[in-house]
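Worksheet: the structure to be examined is printed underneath.
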Amino acid sequence: RATLLLSRCLLKMVKGNIIVPEDILSFCCNGLQGSTSPPRAREPGEREEVPGAMASPPAAHNPTEVQMSQLVLPCHTNHRGELSTGQLLKWIDTAACLSAERHAGCPCVTASMDDIYFEHTISVGQVVNIKAKVNRAFNSSMEVGIQVSYEDLCSGKHCSICRAYATFVAQGPLGSKVRLEPLIPQTEEEKIEYSIAAERRRMRLVHKDTLKDLLTSSPQETELETRDGSGAVPAERTRVESVELVLPPHANHQGNTFGGQIMAWMENVATIAASRLCHAHPTLRAIEMFHFRGPSQVGDRLVLKAIVNNAFKNSMEVGVSAEAYGQEMSVSRRHINSAFMTFVVLDQQGQPRTLPMVAPEPGDGERRYREASARKKIRLDRKYLVSCKQTEVPLSVPWDQSNKVYLSYNNVSALKVLVAKANWALAREKEKVRMYTLEEDRFLSFRIEMSVCIPASRAFSLLSNLRRRHEWDSHYVSAELVQKVDDDDMIYHVVSQKLRDENKPQDFVILASRRKPCSKGDPYVVAFRSVTLPTHPARAEFTRGETLCSGFCIWPESQEMSKVAYYNQAMPGYLTYVTTNVAGLSSDICSTFEACEKFLLKNKEDLISRLQDF
């Protein structure tokens, strides 16, 4: 019995990639064989089994994947016996950094951390399980996806805590940037994350501009709150300033202050500021994007500042900054990081309490107050459109300045998720046109593809202009450009033919989002989805139609050849209209796509003729 138990333990250790001395493993495996059944005679041609050899190798997995499990001890918790969020951030950053360095093969530093929404708290005695892996590598930076869950050892219950995305930069000698090898995704899930990582990267780069645009274009949405402010707490009373000396235990293996440690210190002062407003112990619910603007080293002094920017009915935003300086006080402080944290105060039933108002200071205080209101609106839109599942997003979402970036993200990422699906089945093939279907959950999706003798960039330009769609798709009557959001996103009002059993045509308000390839191997993307505009409500003379996800992907096959694929995701309630739905398939798929090919070739030749004339 002892041999059997020991053998099972050792086999588990082998599966977990823990090195076991060969003689011990061989002894235990032989003992296990001897304790169960006598040796079996080999069949002719059968190889002799080597004692201690595994029957089959472990399943292949992502080589950048790192798994960390931590038992929550009293030293990790707050006064309520719950895991400190600062400690959790340190563990998250550690796991993500190890994953990044597995891919880079050199030291990596944290550049940013996307929004984190904490769904549950973790109690002492429970286990935190963290899984991190690189989703995509760009030139010198990479995105690492992190999943955090907890495990109750007594009940066996598992529950998700949060999901995060971190950006790491690989560093060579003297801090020089290192060019990274591309990551090749293997599974369907990895292909989806790889594809959407480029869109998340784009969203990070325009995050600041989104806030500026909202404050400029919609000042009425960010005015001071009109609640009774007689009992308002002056924001100055919540101000916190603390200094920390960076010691060797706070540094990583490169001598720089550990990013997770900085985040933990920032969370600590933010919690104090929030407590000064509500005179209670707050709970951290969300952290907006962390951006590390520069490094700090052992021996630096970090000055951490926090203040409550705004208090809403049930939540408050705390702004935190970190600055570094050396021993010489004459040297100006270096701005290391800034973050915005959202806190709530829970009652005995676990429900958010009503919070007192904040009276902002004139000048900068009022600016921070308004910006906090704008960030709240952006944060809610981003969480709704980016964090939720595709099936939870309604067909038509209102478009405005606060959510335009995230609607565009959702539009493109939904199409990329559809493209990365692995279970497409060939339904029909006629000459060069191939039609595939995919049945999944509540959706029936279609894919139609063909190869066309046209440069991919030219096909991308032609197919992304909905005003020319009627030239090859007979179901389009007209498409009016309603609003040019930017160079990549445009909103159209589209009118299509009459539906069967209907006496009036359909119309759509469609957001068209286009993306050029982020790196070699990526397709050109043109994504369509319905949006709602106050200037274009449903009208009596039309039947308002909606599309959840459709669009084109164009892959260059050579300088003159492209593979053009059209995708459409339809819900059962709309399948009866598939033959006349402007965002779906035409009644005769093959003839419509053949017309599309003729349209592309004709306009390619027109371009060549104009160039020759020029």
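The values are calculated or read from the model by the stated rules, or taken from the named source; none is laboratory data. This structure is a prediction, so every number in the text was calculated from the model and none was measured. Cβ placement follows ideal geometry from the backbone for every residue including glycine, while neighbour counts extend to all protein chains displayed. Just the protein is used for accessible areas: all its heavy atoms, side chains included, with ligands, DNA and RNA removed. Shrake-Rupley method; radii C 1.70, N 1.55, O 1.52, S 1.80 Å.
Being open to solvent by less than 20 Å² (accessible area, probe 1.4 Å) and within 30 Å of the chain's Cα centre (by Cα) is the filter here; which residues of the range 238-260 pass it? Matches in the range 238-260: Thr257, Gly259, Gly260. Within the range 363-385, can one find any residue that is within 30 Å of Gly175 (Cβ to Cβ), open to solvent by 50 Å² or more (accessible area, probe 1.4 Å), of a type outside the set (A, V, I, L, M) and touching a residue at least 12 places away in the same chain (Cβ under 8 Å)? Within the range 363-385, none of the residues are within 30 Å of Gly175 (Cβ to Cβ), open to solvent by 50 Å² or more (accessible area, probe 1.4 Å), of a type outside the set (A, V, I, L, M) and touching a residue at least 12 places away in the same chain (Cβ under 8 Å). Of all residues in the range 332-349, those that are acidic (Asp, Glu) have Cβ atoms under 6 Å from Cβ atoms of residues that are open to solvent by 60 Å² or more (accessible area, probe 1.4 Å), 6 or more apart or on another chain, in Asp347/Arg353.
State yes or no: is Glu317 part of a strand (DSSP E or B), acidic (Asp, Glu), open to solvent by 20 Å² or more (accessible area, probe 1.4 Å) and not assigned by the TED database to the domain that holds Pro173? Considered against the rule, which asks whether it is part of a strand (DSSP E or B), acidic (Asp, Glu), open to solvent by 20 Å² or more (accessible area, probe 1.4 Å) and not assigned by the TED database to the domain that holds Pro173, Glu317 comes out as no. In the range 438-515, counting only strands (runs of 3 or more DSSP E) that sit wholly within it, the ones holding 1 or more residues that are out of contact with any helix residue (DSSP H, G or I) (no Cβ under 7 Å at 6 or more places or on another chain) and hydroxyl-bearing (Ser, Thr, Tyr) span 443-452, 489-498. If you go through the range 176-197 and keep only what is of a type in the set (A, V, I, L, M, F, W, C) and in contact with a strand residue (DSSP E or B) (Cβ under 6 Å, 6 or more places away or on another chain), you end up with Val178, Leu180, Leu183, Ala197. Of all residues in the range 487-504, those being open to solvent by 10 Å² or more (accessible area, probe 1.4 Å), over 20 Å from Arg458 (Cβ atoms) and either at pLDDT 90 or above or not assigned by the TED database to the domain that holds Ala459 (or both) number 2. Could you tell me how many of the residues in the range 75-100 are free of Cβ contacts under 8 Å to residues at least 60 places away in the same chain and either in contact with an Asp or Glu (Cβ under 9 Å, 6 or more places away or on another chain) or part of a loop (DSSP other than H, G, I, E, B) (or both)? Qualifying residue count for the region: 2.
Taking into account only those residues within the range 159-207 that are assigned by the TED database to the domain that holds Pro107 and among the aromatic types (Phe, Trp, Tyr), which is least open to solvent (accessible area, probe 1.4 Å)? For the range 159-207, the residue satisfying everything is Phe168.
Could you check the range 106-140 and list, in sequence order, the residues that are of a type in the set (Val, Ile, Thr) and open to solvent by less than 30 Å² (accessible area, probe 1.4 Å)? Answer for the range 106-140, where residues must be of a type in the set (Val, Ile, Thr) and open to solvent by less than 30 Å² (accessible area, probe 1.4 Å): Thr110, Ile116, Ile122, Val127, Val128, Ile130, Val134. Scoring Ser478 on the criteria (1) under 29 Å from Ser195 (Cα atoms); (2) at pLDDT 90 or above leaves a single failure, condition (1). Listed residues Val331, Val269; which is open to solvent by 10 Å² or more (accessible area, probe 1.4 Å), of a type in the set (A, V, I, L, M, F, W, C) and outside any strand (DSSP E or B)? Testing whether each residue is open to solvent by 10 Å² or more (accessible area, probe 1.4 Å), of a type in the set (A, V, I, L, M, F, W, C) and outside any strand (DSSP E or B) leaves just Val331.
Taken over the range 316-334, the criterion of being over 24 Å from the mean Cα position of the chain (by Cα) and at pLDDT 90 or above is satisfied by Met316, Ser321, Ala322, Glu323, Ala324, Tyr325, Arg334.
For the range 247-282, a residue qualifies if it is under 23 Å from Ala166 (Cβ atoms) and of a type in the set (S, T, N, Q), and the qualifying residues are Asn252, Gln254, Asn256, Thr257, Gln261, Asn268, Thr271.
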